[in-house]
Each structure stands twice: as structure tokens, then as C-alpha cells.
Amino acid sequence: MPVAPDSPVLVGNTLQVTFKASDPLNQATYQWEKSSSSAFLSTAPIGTASTYVVQSADLNFWIRVIVTPTDPTGVLIGSPVSSPPVYVN
């Protein structure tokens, strides 16, 4: 089940990101990462799909996703955007 904004993020929750392109042929890549700090000075990659199921190893870490827009061939067409971080408790 997706997590609602401002809800606590718990182990087993599904985090989801949606990408809306101006051209329906364009796509995006996703990089989920976690960090012990909300500043994300040091990160660990944890997923590459548009959804991520929170694992027990994520407890007491911050999670965010970076979305990078690409054209149909995978060429970068915009700037990567980071989601606001969420804390797993």
C-alpha cells in the first residue's frame, strides 16, 4: 500500500513516485537511496524501480528517490530531481 504524504514510514510500506512527461514517449530512471542523515551527505543505493518496499535494514534511515528524465533512447533530457526525504521508524 502506498504511503500517504505526512504519514509515518514503516517497514513493509511501499513508497511510490510518478513521472509525468510533456511528451508521452519520454521516460525516467529512478534511484532510491538511503542515508543516516537527512542531508544525504553519504548514501547507499537501494532500488531502481518506480516503487520501493521499505525493508527492515532501512529502519532509522532517511530515504529519497532521484528521478532523471530521459528520451525514448535513454538520453538525458532534463535535470535530475530529488524527492523530499522520509524517515523510516
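Among the residues of the stretch 2-52, those that are in a loop (DSSP other than H, G, I, E, B), in contact (Cβ under 8 Å) with a residue 60 or more places away in the chain and farther than 17 Å from Ser79 by Cα comprise Val3, Pro8, Leu10, Val11. Scanning the stretch 64-80 for residues being aliphatic (A, V, I, L, M) and either farther than 16 Å from Gly47 by Cα or touching a residue at least 60 places away in the same chain (Cβ under 8 Å) (or both) gives a total of 3. Looking only at residues of the stretch 71-89 that are under 28 Å from Asn13 (Cα atoms), not in a loop (DSSP other than H, G, I, E, B) and not aromatic (Phe, Trp, Tyr), we find that the one that is nearest to the chain's Cα centre (by Cα) is Ser82.
A short reminder: the numbers here are calculations on the coordinates, not readings from a lab. Computed from a predicted structure; not experimentally measured. Note that we place each Cβ from the backbone using ideal geometry, even for glycine, and neighbour counts take in every protein chain shown.
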